[in-house]
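What follows is a single structure, written as structure tokens, with notes after it.
The values are calculated or read from the model by the stated rules, or taken from the named source; none is laboratory data. This one's a predicted model, so the numbers in the text were calculated from it and none came from an experiment. Counting neighbours? That spans all protein chains shown, and the Cβs are built from the backbone with ideal geometry, glycine included.
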């Protein structure tokens, strides 16, 4: 992962990613690309001044947007899947027997849970009653993940994999809304999972700052 400051892509042969460091969708894409040993350039956008080159490639106007030759992928899961197909026998391969479960959990994460997470995250701390309500709404999903992790280290087994990468950035974001609550919450297995991945070399590489 190599940050670039210029968007002149003429003659560019390497895979290229428009990203925003704290966006959970971009985090999952970066983690997958790094895990699959994809050598790519990355451009950190400003949410207040999105580059016109990115907007021309993707009408959605959101990150991540991944470019390689004539291919443009603007969905994080599509980027993960592309990366997975480039390197066989990597840690993010999916066992065919797990595909349905993986899809179900990700759909719940990216759908109902993400909607509730946004309500929780963006509700003012001054409206504590409403904020707690939204947190409890999120906990329905949080509890189901915690139960999976009570008997294994990762979401599908004791081996870190695709599903962990896809889900982790959103659960990390949920806990970061209230770090004091994070330290005292009853979901100890999920808390340990978050801390384990947060301490990993893969995650730290994916969160490298543009000026580092």
Review point. Given 105, 79, which one is assigned by TED's automatic domain parsing to the domain that holds residue 148 and either in a helix (DSSP H, G or I) or surrounded by fewer than 19 Cβ atoms within 10 Å (Cβ to Cβ) (or both)?
Key: 105
Practice item. Scan the strands (runs of 3 or more DSSP E) fully inside the stretch 26-76 and keep the ones with 2 or more residues being touching a residue at least 24 places away in the same chain (Cβ under 8 Å) and over 19 Å from residue 202 (Cα atoms). Key: 65-68
Practice item. Please specify each residue of the stretch 131-141 satisfying the condition of being closer than 19 Å to residue 104 by Cβ and crowded, with 19+ Cβ neighbours inside 10 Å. Key: 138, 141
Point to revise | Selection from the stretch 45-72 of residues that are under 19 Å from residue 209 (Cα atoms) and either in contact with a strand residue (DSSP E or B) (Cβ under 6 Å, 6 or more places away or on another chain) or crowded, with 18+ Cβ neighbours inside 10 Å (or both) | key: 45, 63, 64, 65, 66
Review point. Residues in the stretch 117-131 that are more than 11 Å from residue 170 (Cβ to Cβ) and in a helix (DSSP H, G or I): how many?
Key: 7
Exercise for review: Please work out which residue is surrounded by the fewest Cβ atoms within 10 Å (Cβ to Cβ), limiting yourself to the stretch 6-27 and to residues that are modelled with pLDDT of 95 or more and farther than 14 Å from residue 65 by Cβ.
Suggested key: 22
